[in-house]
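So the structure is just underneath, and the comments pick up after that.
The values are calculated or read from the model by the stated rules, or taken from the named source; none is laboratory data. This one's a predicted model, so the numbers in the text were calculated from it and none came from an experiment. Cβ atoms come from the backbone with ideal geometry, glycine included; neighbour counts cover every protein chain shown. Just the protein is used for accessible areas: all its heavy atoms, side chains included, with ligands, DNA and RNA removed. Shrake-Rupley method; radii C 1.70, N 1.55, O 1.52, S 1.80 Å.
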Amino acid sequence: MKPNLPGSPKQLAQIWNKLIQPPPGSRELYRSRLLAVLLLSLLLTFTLYLVLSAVVVAREGGIPFTGDGLFEVMIPVLLLVIYGFNRQGHYRVAAYSLLLLVVVGIFFMGLPFTSHDDLAMLDYLVIPMLLSLTLFPPRTGSRITIGIVGLLLLVIGLNPDVDLYYFSMQPGLLIVILALLLLLIRKFVEDVLKDRLAKITANEDRLRQSEHMYRQLVDMSPIPTIIHAGDQIDFINTAGLELLGAQDPQQVLGKPSLDFVHPGCRERTRENLEWALKQQAAYRNTEQKLVRLDGTEFEVEAAGIFLVYNGQPALLIAFRNITPLKQQAAIEHNQRLIAEALQETAAALSSTLDLDEVLKRILEQVTRIVPHDGAAITLIQSGVAYEVRGSGRRLAEASEQIPLHLIADIPHLHQMYTTRRAVIIADVMTASEHPQLPHWARAHMGAPICIDQEVVGFICLDSQQPNAFQPDQADQMEAFANQASLAIQNALLYETVRRYKEGLEARVAEHSAELFHTKERVETILNSTSDAVVLLDVDGSIEQINPAFTNLFGYSLPEVQAKSLAQLFVPEEVKTFRHLFDERAAGGPPARWELQARHQNGTPLTVDTVFAAVASPHSTTRMVVCSLRDVTERKRTEQELRKALEKERELSELKTRFTTMVSHEFRTPLAMILSSSDLLKYYEAKLTPERKQEHLTTIQTSVKQLAGMLDDTLL
């Protein structure tokens, strides 16, 4: 491994404080850094010396290169080579080379040792001793020191002209004393370093325990979390395994993180990950689509922070599965669209009383609610169902002939007729009883049209794709069929009245007796219908009512005849009633409105009111026929449904706020733990014991707080 050494003298000041204390668990790296500082200092010194020497020689006009000068030039070159060895991580080669260079240089400067002054140069052998005791372990440094002293004695013993007494008292004794002192100092420094290393080891053990507790906390967290390092997943907690559909961490660990990202999101996700790792910044909160091991796709929100994991840059990323939220939003959006479609359908159907037009608009509006390939409306008469209108692929079939079916012979029609509920045939090919459907239809859905709890027809949809219809769509079709039933009933009633009017005008001259019979028939229809029908005079007074009116409001004809119908409505609705009546009396088209009325006993009623103009025999102003249906129970049911939906929305918002609050509350103690552990990791030597204890107490308190919050959350 290449040591982290200074690349230029400018970095010396920045790393000096780190060099005076050994980094934990790396004595050789410490000595390598110290050797680098020594080599750079020597290089700087000799370079400055050479520059000054060159200036002096240039001034005095001396010879620029001599033997000594060449030797002095070679020293920086050799030092630079030794620094290169150390820079490449060959610390021992560099250290022995420097020691050999110093020893050879000292002996070279004193050769030949013919005088005491020459031997005095050997005093500088203290320098290599000091270097050996500094750059090597005590045992190696002691051996090198003994070897240097032995070499010194050998040189002295081989020189007969040396005064042994003088030498032993002058340089030799000094060298021995200094060597002993250096060994004692080295022993003291090693003891101090051992004590410091023991403390560092204890701190590392505590940090490892804290890391283990943190890993357990993250692993037990309900928030899916991974560590992305080196383009792969290096850690995943239990919630993350559940999110990705894995049973064993080995199914996920070591695999590229992008393997679990949907192909459509991989490029953007790769860019975000690379940017966060390069900038050492937080991973931006993004929405993306992931893929489980079984191929299931789901959407998440992802956010993370930068950290160093196992010695390499990494990202701690937390996920939140937002698929249920998206689905809930889609359901709410769909329900809103359905409500709008039903409202628009009611308005569209109420704008006409022509039966053909009503049936046409019903098929147009049903397309907005449920997609299909063909649709048809079937009405029932005397136990026989006949198609009266078609659309899509059923339009051509309905135009060629009018299919007739006995309800008892068609299983799905008979089921709707008896249960008054919608029916879905998911796949015609696998149905237990083969239905009589077009040859191209693979899926079918039908909803009954009920008037006064009696099935009068069906709305049938067909699709070329199997499983095209879902149960919730069946509920929507039932609601739509209920809306359409009133329009069909009014259209049928209006059609009857219209046909009666046309027939009466054609035969008025010849069949006056038949006119009375027809009138009786119309009255019978009005009297037998479940809707209250009122004939209003030109001034809004009641001319005629049917029995359903008495059942609805409790008034008999003598009690209300010649009185204004407005008296039956609450004061707030009188103005609306007058406006609707006046427009119809002036010849306006039929209109439909929900008004608030009161029963004779004071009970409030919500009535669905349809106004239509009829000719008055007394003047050019038209009379108005008013059809009223009690929808109080339906409105109450709608209000209860709205309250239930609002309650569900409040529960969803409460869950979202709760999740956000828990996430925020967990981040605060985690930040305190990280801050205190960083201070202990990087500034432990500078902190007083009291400050260390404060940080440890902070970590313990935060861990307890996290454990308490986790217990509360799980509870």
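Quick look at the values:
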| item | result |
| --- | --- |
| 5 angstrom amide H check on C450, placed H, neighbours 5+ away | V456 |
| At most 16 other Cβ within 10 Å, DSSP loop - trypsin sites (Lys or Arg not before Pro), region 530-612 | K563 |
| Y682 - accessible surface, heavy atoms, 1.4 Å probe, Å² rounded to 10 | 150 Å² |
| Residue-normalised accessible area of region 557-707, expressed per residue, 1.4 Å probe, Å² | 64 Å² |
| Hypothetical label at Q328: residues of region 692-715 whose amide nitrogen lies under 20 Å (7 Å Cα-Cβ projection) | 713-715 |
| Protein accessible area in region 572-715, 1.4 Å probe - carbon and sulfur % | 57 percent |
| Solvent-accessible area of L111 with every protein chain in place, 1.4 Å probe, in Å² to the nearest 10 | 110 Å² |
| Residues N482 and Q280, FRET efficiency given R0 of 45 Å [Cβ-Cβ distance, rounded to 0.05] | 0.15 |
| Trypsin sites (Lys or Arg not before Pro) restricted to region 659-715 and DSSP loop, no more than 12 other C-beta within 10 Å | none |
| Nearest-10 value in Å² for the accessible area of T713, using the 1.4 Å probe | 40 Å² |
| Solvent-accessible surface ranking, highest first, for F306, F581, F658 at 1.4 angstrom | F658, F306, F581 |
| Spin-label model distance (nm) - T367 vs Q88, 7 Å beyond Cα toward Cβ | 8.1 nm |
| Nonlocal amide H pairs with M623, under 5 Å, H built at 1.01 Å | V614, A615, S616 |
| Global geometry of region 605-715, whether rounded, prolate or oblate, following the gyration tensor of its Cα atoms and the 1.5 cut on a/c | prolate |
| Percent carbon-and-sulfur accessible area, region 240-314, ignoring ligands, DNA and RNA, probe 1.4 Å | 46 percent |
